[in-house]
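Here the structure is laid out as structure tokens; the discussion comes afterwards.
Taken together, the values in this text are just the output of simple stated rules run on the coordinates, not laboratory data. Every value quoted in this text rests on a predicted model; they were computed, and no experiment measured them. Glycine also receives a Cβ, built like all others from the backbone with ideal geometry; neighbour counts cover every protein chain displayed.
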Amino acid sequence: MKGPLSMTLRADRIGQHRVAFEKNKKIILKTQSVCGICGRPVDKRLKYPDPMSAVIDHIIPINKGGHPSDMDNLQLAHWSCNRQKSDKLFKNKENKSVDVKTIGNRNLPQSLDWSKYRS
């Protein structure tokens, strides 16, 4: 199912995972302060629709088999970083299970300063 209706039917928004997701979301907002995607600090005072507002990202997206409410699959992120990542997978220090074949230049963390690599 595609479209806005499918977004409301995600496992982290309904059913048994909703309570666990909300509990873990509160823990993450209290304990984490850096975006898990870009590595920059997250200002939790900013609210949506600010692109730098805090959101909870599923490291392995739900539609790729990621658990909807497991703490090990959740991380703090900027809204814009999360939108850019979308449902892509990339390998990072915490997520060593992703197959190297899935790595591409479009889905790597944005934390490097590429200006140093100019010729």
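Would you mind calculating the gained length between Gln84 and Met71 on full extension (0.36 nm times residue separation, minus the Cα-Cα distance), in nm to one decimal? Kindly include the intermediate steps, with their values, before the conclusion.
Working: separation 13, 0.36 × 13 = 4.68 nm, distance 2.18 nm.
Stretched out fully, the Gln84 to Met71 stretch lengthens by 2.5 nm.
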First obtain the Kirkwood hydrodynamic radius of region 36-83 from its Cα pairs, then insert it into the Stokes-Einstein equation at 20 °C and 1.002 mPa s, and state the resulting D in µm² per second as a whole number. 194
For region 53-83, list residues with backbone N below 11 Å from a point placed 7 Å from the Cα of Leu29 toward its Cβ? 54-56
Could you tell me which of rounded, prolate or oblate describes region 2-89, using a ≥ b ≥ c as the square roots of the eigenvalues of the alpha-carbon gyration tensor, with rounded for a/c under 1.5 and, failing that, prolate when a/b is larger than b/c and oblate otherwise? prolate
Restraint check, Lys25/Lys47; Lys25/Lys85; Lys26/Lys47, Cα-Cα greater than 22 Å: none
